[in-house]
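Here is the structure we will look at, set down as structure tokens.
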Amino acid sequence: MRLVDAIPYKDAYHSKRPLDATRLGEFDLPVTSLPAAARDYLRMEFAATQERTLKQYHQPLRDRARSGRSIPIRCTDIDQQSDGSLTIRG
């Protein structure tokens, strides 16, 4: 089995540059310390999560409700309490 066939998910719309496996020894990462690598990873994870959330919010309300990740509510009254909290009735 070829390696490419073993990859379960491939994005057909995102082209990738060929990688010369014989030159992997020359490959150098821009991040050289563990804290910098962790920050870089967290930045990528945050961006991916934010993108998924925004994609969900851009869907029509009916589709969001059907997906099971959102529920429509109707707000009928809002009371602000003396401590600054809100009571919302629907």
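The values are calculated or read from the model by the stated rules, or taken from the named source; none is laboratory data. Treat the numbers as computed from the prediction; the structure is a model and nothing was measured. For neighbour counting, all protein chains shown are included, and Cβ atoms are generated from backbone atoms with ideal geometry for every residue, glycine included.
Selection over the range 51-66 of residues that are in contact with a helix residue (DSSP H, G or I) (Cβ under 7 Å, 6 or more places away or on another chain) and either touching a residue at least 24 places away in the same chain (Cβ under 8 Å) or surrounded by fewer than 10 Cβ atoms within 10 Å (Cβ to Cβ) (or both) gives a count of 0.
I'd like to check something: does the range 50-73 contain any residue that is at pLDDT below 90 and over 23 Å from the mean Cα position of the chain (by Cα)? Yes, the conditions are met somewhere in the range 50-73.
Within the range 1-49, can you find the residues that are of a type in the set (S, T, N, Q) and at pLDDT below 85? Let's see the steps before the verdict.
Initial filter on the range 1-49 (of a type in the set (S, T, N, Q)): 15, 22, 32-33, 49.
SER15, THR32 - these are the residues of the range 1-49 that are of a type in the set (S, T, N, Q) and at pLDDT below 85.
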